[in-house]
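Written out below as structure tokens is the structure these notes cover.
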Number of protein chains: 4
Amino acid sequence: MKRYKYQWPGDKSCAFVFSVDVDAESPFQWDNRGKPVAGLGELEQRRFGPREGLYRITDLLDEFSAKGSFFVPGVVADRYPEILPYLTEQGHETGLHGYYHERVQQLTPDENAAVLDKSIATYQAHTGQAPRAYRSPAWELTPELVAMLKTRGIVYDSSLMGYDHPYCIDGLAEVPVQWVLDDAIYFKFSGNGTDAWHYASPDGVFNRWIEEFEGQREFGGLFMLTCHPWISGRAQRIRLLRRLMTHIRQYDDVWWATAAEVAAHHIATQATRFEVSADLIDTNF
Amino acid sequence: MKRYKYQWPGDKSCAFVFSVDVDAESPFQWDNRGKPVAGLGELEQRRFGPREGLYRITDLLDEFSAKGSFFVPGVVADRYPEILPYLTEQGHETGLHGYYHERVQQLTPDENAAVLDKSIATYQAHTGQAPRAYRSPAWELTPELVAMLKTRGIVYDSSLMGYDHPYCIDGLAEVPVQWVLDDAIYFKFSGNGTDAWHYASPDGVFNRWIEEFEGQREFGGLFMLTCHPWISGRAQRIRLLRRLMTHIRQYDDVWWATAAEVAAHHIATQATRFEVSADLIDTNF
Amino acid sequence: MKRYKYQWPGDKSCAFVFSVDVDAESPFQWDNRGKPVAGLGELEQRRFGPREGLYRITDLLDEFSAKGSFFVPGVVADRYPEILPYLTEQGHETGLHGYYHERVQQLTPDENAAVLDKSIATYQAHTGQAPRAYRSPAWELTPELVAMLKTRGIVYDSSLMGYDHPYCIDGLAEVPVQWVLDDAIYFKFSGNGTDAWHYASPDGVFNRWIEEFEGQREFGGLFMLTCHPWISGRAQRIRLLRRLMTHIRQYDDVWWATAAEVAAHHIATQATRFEVSADLIDTNF
Amino acid sequence: MKRYKYQWPGDKSCAFVFSVDVDAESPFQWDNRGKPVAGLGELEQRRFGPREGLYRITDLLDEFSAKGSFFVPGVVADRYPEILPYLTEQGHETGLHGYYHERVQQLTPDENAAVLDKSIATYQAHTGQAPRAYRSPAWELTPELVAMLKTRGIVYDSSLMGYDHPYCIDGLAEVPVQWVLDDAIYFKFSGNGTDAWHYASPDGVFNRWIEEFEGQREFGGLFMLTCHPWISGRAQRIRLLRRLMTHIRQYDDVWWATAAEVAAHHIATQATRFEVSADLIDTNF
């Protein structure tokens, strides 16, 4: 069937975005809200991120003279007030990622509005600027939240997987993610007895990522990598990321960009070509 | 022990069927029936299938001048009315796959009859033809359903694993599947916290599939591959499928066929040789 | 610390036993006892074993002129009465494996005695001989059952993992197993939504098995492989087993034996050297 | 961002500690406390450790003229009274690891104090010395327990992951662990139906460990390996460990040390440089 091929700037055949979800303790805090927490184990694991992992990642980006897109939950920005100024100063993009890393599909629209407004205020307090980028915690979204993001001046969302190149959902630009390109699903291990699997091997993840990269070159899509400092800041993962980026760097036809740059390109050139509706589905039958 | 070797047409030593279960949102809809759904995440993942993945798969089949066997749930045919006419026009086989992707072992016989009749009517409305092929959702079957399929003129079922070549169950031709040759078990990931494992590596799945293919060449069986557009339409999976098909194509003794062609061959040549009964088992002891 | 090295016959440095648990539907029957079962899916999967898989395995053993040790649940011997006579005629060892594949640690001692007596009677009815070998379903054992096995003339058990060479537990010879050398943990997949993982890759399992084999050559232990006809009779698994056995066959210092031969060797030469007690452990503290 | 690089003695760029958690039956006992236990299966698996596995590990360390750090639960020291004297005599370091392998975050501070005092008394009874090293069972810790360790003269803890080199938490030296360098998460399999995954392949684990080792050489951290005798004493795992150690041994810039030596180095040289607080986190919001 005749289909449109996504158009990238100039002679580029695909795009590469290095995105970072700076979660630190926030998902742990959300998942344990209202419950007593006695142990330091997972907290210390997660604190490796703001102590060390985040900076190993920015050092790695510097090796490649690349800029990343960092999504920071409000509570992390408040607890580690050096993070947002540091990332801004280094020239990286920053955006919203909830306040307590809330699962948006579990909240009412009013609760989601309150969380969004609180995280916008926090972002402004730390950066002096209005946020333009949004990535939902755990990559969920609701139709009402799409509308809220638009009315609050958010330029794009980066949480959905309905295409593997940019598109628009209810008129909001979507810079899509993919679970297969997330680090946490392969490398998160709490050790508290609730894990459903252990660590993937570096070579095995390299294979998953490289095959997706080569596929995006062929199909002309977006290779959106997502990392977490407490996970990908670990020594072996920096090596894996370097190996991946070294592979990507050998090609001239890959556009290394931030998510913001990709969104701007999409809005300027193809905003009406790949439009979908934020429809839920009938489950009463 | 002396056993019959399955006979394939002419000098072929085994058969290869490329089958596609065009599920889109239907299993999600069934699994969430009666429950409120607020999130767009998995829905957008699944909608990649009818938007893009299905056509990447038919393009891939075109590369090999091959025809596939596509099983389409009724609700998907209704929601995306272009799909059944498109597949028919392209010369692919199409068949039934439930209406809402119902798990047939959880329904009463009357409920299964109603679902079957509704999906037959839907199929006829979209294609103008009576369906001849059935694959059950999630690859289950009941003795009563076997009987219903026969009385409604269905020529074969493709849901069971009692042999690795065609056989008959209660007189209905069975073109068997295998979980090891399904894409979803390796590559489905919802990300909603209920996943029991993450993505397999492409090289690892290639190894599972190639070993099974070589085994079928040795034992003279059926290599029945099953894909889903929202899963195997993803860039890296098209690459994996191409690699697999390129490997298979190098042999002259493999019969590339649709499931319908395999069923017709079986009925014409060996319908009485591999017959089993649709017996349940005593669990009251 | 000075430790005894296990002594094998002549100049052999380790032993290789190919064991087969001929489960067919029996574990499914046990796990679903008292519950209604409507679906044919897993039953047809399991019936591949007695239809085809068992004979592929004996054919493979014939390729290597080797004899296996086959443990058959009573209900399987009754449902497929050709199995025990066939295996005996082919010169393979046969032994007990419960009646309905009961989990012995979930039964009272009296229940275990009744099951054991029923499975002994079934074995005698099919073979005309008293059984001498026992492997418990799911590889559990209780102190009382150890005693019952001895009083009923069972020569050895093959269910425990307290050493990786033969030993005695409460005076009963133990020919030990290992989960790492079982096929089912890597290759069983029901597809009914309860699976905790999917299929391992053949190359990956080869690596696990070869490393264990090389380790047993080094440490002088027992390489006890365990297969199931409905699992390892599948085409790709026969290839894997052939590859493993071809590797093992290249060495002259490996004793290919049945479990019965290993037990007899142990009892004759080292029965008092590696003795342990069938002690449970204090959990009231 | 300017960060301190961890300083190792002389010209060493990283450190390697071989640690062993001598659990035997203790975690099984703790997890089943108050429940009846009828089966011998997992007990026999675990008893392979004190019977055989422990000594294969010390033999392996002897091959490399290396000393390990062994953490022994009190109940294991009491049940196998030869263990602590043997390890001491061989020149290995020994330390505490709970009494019944208790999960410290599930106990009250008073209960943790009682367990700690009991395990200290047990250690002294078997060694004649006061313990100086602590590793918590299952690698958890509470703020109160950190304080208790200090007041009882424990020199360091080895249970947390807040850095990948030594640091101090509330003034107690921490010699950090990593789940990715634990054997149990890859190779523990009970077979009782509760396992969430099966055995990893030796080659796959080698890849995870080697990549982490190379990463620690690059970042100047600590490669803290953790093994269990009932798991890593198995034949194929000794081979894997030997392969790993052979790889590490080829470098001159790796400091092979016990955890005690690493702790002493840290306290003497950088005790105030990497200090963190044992803070829990607000979950009432």
Farthest towards the positive end of the dipole of the stretch C:14-276, among C:Ala264, C:Thr246, C:Ile154 and with Cβ unit charges of +1 on Lys and Arg and -1 on Asp and Glu, lies the Cα of C:Thr246
Using a Gaussian network model of chain B whose springs link C-alpha atoms within less than 10 Å, name the residue from B:Leu40, B:Leu107, B:Leu60 with the highest mean-square fluctuation. B:Leu40
Taking the alpha-carbon distance from A:Lys67 and a cut-off under 25 Å, which lysines remain once sequence neighbours fewer than 8 residues away in the same chain are dropped? A:Lys12, A:Lys188, D:Lys2, D:Lys5
Partner chain coverage, peptide A:205-218 - average Cβ within 10 angstrom: 5
Residue by residue through the stretch A:72-79, which ³J(HN,Hα) values in whole Hz follow from phi under the Karplus form 6.51 cos²θ - 1.76 cosθ + 1.60 (θ = phi - 60°), with glycine and proline marked x? 10, x, x, 5, 6, 4, 6, 6
Ratio of the stretch D:14-276's C-alpha Rg to 2.2 N^0.38 Å, to two decimals? 0.96
Those GluC sites (Glu not before Pro) from the stretch C:88-135 that are DSSP loop and have at most 14 other Cβ neighbours within 10 Å turn out to be none
Can you list the HN-Hα couplings for the stretch A:275-284, worked out from phi with the Karplus curve (6.51, -1.76, 1.60; θ = phi - 60°), rounded to whole Hz and with x for Gly and Pro? 9, 10, 9, 7, 8, 7, 9, 6, 10, 10
Cα centroid of the stretch A:128-165 to Cα centroid of the stretch D:38-87, whole Å: 54 Å
Might you report the magnitude of the Cβ-based charge dipole of the stretch B:14-276 about its Cα centre, with Lys and Arg at +1 and Asp and Glu at -1, to the nearest 20 debye? 460 debye
Measuring from the lowest to the highest alpha carbon on each principal axis, how far does the stretch C:209-285 reach, largest first, in angstroms? 49, 34, 23
By its C-alpha gyration tensor, with a ≥ b ≥ c as the square roots of the eigenvalues, how is the stretch A:102-165 shaped: rounded for a/c under 1.5, else prolate for a/b larger than b/c, else oblate? oblate
Springs between alpha-carbon pairs under 10 angstrom, Gaussian network model over chain B: which of B:Ile185, B:Ile169, B:Ile120 fluctuates most? B:Ile185
If you average the C-alpha positions of the stretch B:191-270 and of the stretch D:217-275 separately, how far apart do those two centres end up, in angstrom? 44 Å
With the label set 7 Å along Cα→Cβ, A:Phe285 is separated from its counterparts in the other copies, in nm and shortest first, by 4.1, 4.1, 5.8
From the label point of B:Pro85, set 7 Å from Cα along Cα→Cβ, how far away are the matching label points in the other copies, in nm, ordered shortest to longest? 6.3, 6.3, 8.9
Chain C, Gaussian network, Cα under 10 Å: of C:Ser190, C:Ser119, C:Ser232, the residue fluctuating most is C:Ser190
In whole Hz, what ³J(HN,Hα) sequence does the stretch C:157-163 give by Karplus (6.51, -1.76, 1.60; θ = phi - 60°), x for Gly and Pro? 10, 9, 9, 10, 9, x, 9
I need to check one value: relative contact order of the stretch C:14-276, counting alpha carbon pairs closer than 8 Å and at least 6 residues apart, in percent. 28 percent
Of C:Leu87, C:Leu116, D:Gly191, farthest towards positive along the dipole that unit charges on Lys, Arg, Asp, Glu beta carbons give the protein assembly as shown: C:Leu87
Nearest-5 percent of antiparallel DSSP beta bridges in the protein assembly as shown? 10 percent
For the stretch B:105-249, share of DSSP beta bridges that run antiparallel, in % to the nearest 5: 40 percent
Would you grab the residues whose amide H sits under 5 Å from the one on C:Trp256? Only those 5+ places off in sequence or on another chain, please, with H modelled 1.01 Å from N. C:Phe16
Non-local amide H neighbours of A:Gly162 (under 5 Å, H modeled in plane, Pro and chain starts lacking H): which ones? none
Where nothing but the Cβ of Lys and Arg (+1) and of Asp and Glu (-1) is charged, how large is the charge dipole of the protein assembly as shown around its Cα centre, in debye to the nearest 20? 1180 debye
How high is the relative contact order of the stretch D:86-217, in percent, counting Cα pairs under 8 Å that sit 6 or more residues apart? 16 percent
Calculated from DSSP helices alone, with each H run of at least 4 adding -39500 (n - 2.57) and the total divided by the residues of chain A, [θ]222 nm to the nearest 500 comes to -12000 deg cm²/dmol
Whose amide H sits under 5 Å from the amide H of B:Gly95, counting only residues 5 or more places off or on another chain, with H placed in the peptide plane? B:Phe70, B:Phe71, B:Val72
Among A:Gly68, A:Pro9, A:Val22, the residue whose Cα sits farthest towards the positive end of the charge dipole of the stretch A:1-100, when +1 is placed on the Cβ of each Lys and Arg and -1 on the Cβ of each Asp and Glu, is A:Pro9
Any idea what the D:Gln106 label distances to the other copies are, label 7 Å down the Cα→Cβ vector, nm, shortest first? 2.3, 2.3, 3.2
GluC sites (Glu not before Pro) within the stretch B:121-201, DSSP loop, no more than 12 other Cβ atoms inside 10 Å: none
Once you charge only the Cβ atoms, +1 for Lys and Arg and -1 for Asp and Glu, what is the size of the charge dipole of the stretch C:116-258 about its Cα centre, to the nearest 20 debye? 640 debye
Alpha-carbon Rg/Rh ratio, for the protein assembly as shown, with Rh computed the Kirkwood way: 0.97
Roughly what % of DSSP beta bridges within chain C run antiparallel, to the nearest 5? 10 percent
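Here, each number is a calculation from the coordinates, and none is a lab measurement. Keep in mind the model is a prediction, meaning the values are calculated, not measured. Please note: Cβ atoms are built from the backbone with ideal geometry, for glycine as well, and neighbour counts cover all protein chains shown.
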